[in-house]
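As structure tokens, the structure follows; a few thoughts come after it.
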Amino acid sequence: MLIPSPTSTYEAITRIGTDKILNAVTTTLTNSLLGYLLGLIGSIALVIGAYLNKHIEALVNATNTFAQSISVLVWAIIFIMIFGVTSRKPPILVVAAATFPILLSSLIGAVRSLDEKFSLLAKMLGASKLQELFYFILPGTVSYLAAASRAAIGIALRISVVAEAFGASGGVGYWLVYSYDIGFKEGVFAWASILIILMIAVDMLILRPIERWTMKWRL
Amino acid sequence: METIIRVRDLVKRYGEELVLDHITLEVRKGESIGIVGPNGAGKSTFLRVLAGIEPYDSGTVEVNGSIGYVPQETILLPWRTLKGNILLAAKIRGIEKRVAERILDENADILAISGYLDMYPSQVSGGTARKAQILMALVLDPDILLLDEPFTGLDMETIESFQAQIKMLKEAHNLTIITVSHMMDELMEISDRLIMFTHKPARIRRILQVK
């Protein structure tokens, strides 16, 4: 049978073993999280720069358009060419490249909307541009960022697996392609199931509660 | 009595549209002024010009004191408690936290919102949020308080107690208060003088001495 039954997929999972699964899941989660954090830091830094300087704002808009137009597959190939197949860096950087435009677009929209809402308050209190940014705008972006992060981390997990599949640094993606290469089709479905469970667990247990918690902060 | 605000021939336009048409007005220290006029007459614009947050085209505006401005729409940070919002205003203005807390405690009692200070804006009524906005202005220790449509959306009973609280605040701090409303009866209770604006472009139609 081309598609293995749930029973044989489950048996494959037990055969793979807890240690190997935990190791691969940890690698994939770490790649995703580090890549997401890189994308987050980059987008926050650019948005702060854009808020304080009109010239940087033009650069940020151009960067955003550029980043959105490049396929993650292209990034994956470029980073593997630069760092090699055994390096841990390509999956992390590919995730960063994939999450960066999502987070940046969301932040740009949030900052524009919050600036409109709070400019009167800033004038009333005589707040400087920096005070407006750090007391009103940046805390206000948290709820927007939480919603964008939920989408970004979901993408990060999927993209991380693709990038791992190209390299040889471990992770769910690596073992999924390895199972395919050796003709272990139950293994392919086992690793795919592990990825699905991982994504649902991360979304339901971490991302969704954070998004819900920060929603009350939205104006 | 000392003049605290002196406005002469004030003209304000939005593009080609004339909004304030040669307004001349003097306000004495400790006076409570009500500005009444139809919706869209330019009353709020006038208040924002006095607050220094809206530029004007010609004329002069002299203000001999600090201003606390309370806008029509409540603007509180939803991620901070009412107290957090009020103390942040003081922090931005460089007012010592101890001083700000003292002013806050005194005035929260007058406005009867002491029990709500640890709540978030989303957890309190519109009236309480508006009082917190007034506290945000008061914590800056102003000489002049500008209130833009403070009674909008409140029921009659709440308006009456709010009016009494505004009078208490005025007496407690010897404040000069300018309140804008489109309802004359809301202003009669708290004003020494009523300034009536015409339809846009706003001119002073009549000045009524109430007390």
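If R₀ is 35 angstrom, what is the calculated FRET efficiency for the pair B:K29 and B:T198, using the beta carbon separation as r and rounding to 0.05?
The calculated FRET efficiency here is 0.80.
Please work out the C-alpha center-to-center distance from the range B:157-173 to the range A:1-45 and express it in whole Å.
That distance is 63 Å.
Quote the relative contact order of the range B:40-117 in percent (integer), defining contacts as alpha-carbon pairs under 8 Å separated by 6+ residues.
18 percent.
For chain A, compute Rg over Rh where Rg is the Cα radius of gyration and Rh is the Kirkwood radius from the inverse mean 1/r over Cα pairs.
1.08
Assuming R0 = 60 Å, what is the FRET efficiency of A:I3 and A:L52, from their Cβ-Cβ distance, to the nearest 0.05?
After rounding to 0.05, the efficiency reads 0.60.
Only counting other Cβ atoms within 10 Å, I'd like A:H55, B:H199 sorted with the fewest neighbours first.
So the residues, fewest neighbours to most, are A:H55, B:H199.
Which residues in the range B:177-211 place their backbone N less than 15 Å from a point set 7 Å from the Cα of B:L18 along the Cα-to-Cβ direction?
Within reach of a label on B:L18, which here means backbone N under 15 Å from a point 7 Å along Cα→Cβ, the range B:177-211 contributes B:198-205.
Can you give me the Kirkwood hydrodynamic radius for the range A:142-213, using every pair of distinct Cα atoms, in Å to one decimal?
Result for the range A:142-213, one decimal place: 13.1 Å.
In chain B, which longest range has no GluC sites (Glu not before Pro) that are both DSSP loop (not H, G, I, E or B) and surrounded by at most 10 other Cβ atoms within 10 Å?
Within chain B, the longest run free of exposed GluC sites (Glu not before Pro) spans B:97-211.
Do you know the Lys pair count in the range A:72-219 for C-alpha distances under 26 Å, with sequence separation 8 or more or different chains? If you can, show how the numbers build up before the last one.
Working: A:K117/A:K129; A:K117/A:K216; A:K123/A:K216; A:K129/A:K216.
Lysine pairs meeting both conditions in the range A:72-219 amount to 4.
Compute the separation of the alpha-carbon centres of the range A:71-112 and the range A:140-197 and state it in Å as a whole number.
Here the two parts' Cα centres lie 14 Å apart.
Label the range B:124-196 by shape, choosing from rounded, prolate and oblate, from the square roots a ≥ b ≥ c of the eigenvalues of the Cα gyration tensor; if a/c is under 1.5 it is rounded, and otherwise prolate applies when a/b is larger than b/c, oblate when it is not.
Here the range B:124-196 falls in the oblate category.
Counting other beta carbons within 10 Å of each residue's own, what order do A:D115, B:D109 fall into, fewest first?
B:D109, A:D115
The numbers here are math on the coordinates, done by the rules we state, and not lab data. Model, not experiment: these values are computed from the prediction. No Cβ is skipped: glycine too gets one built from the backbone with ideal geometry, and neighbour counts run over all protein chains shown.
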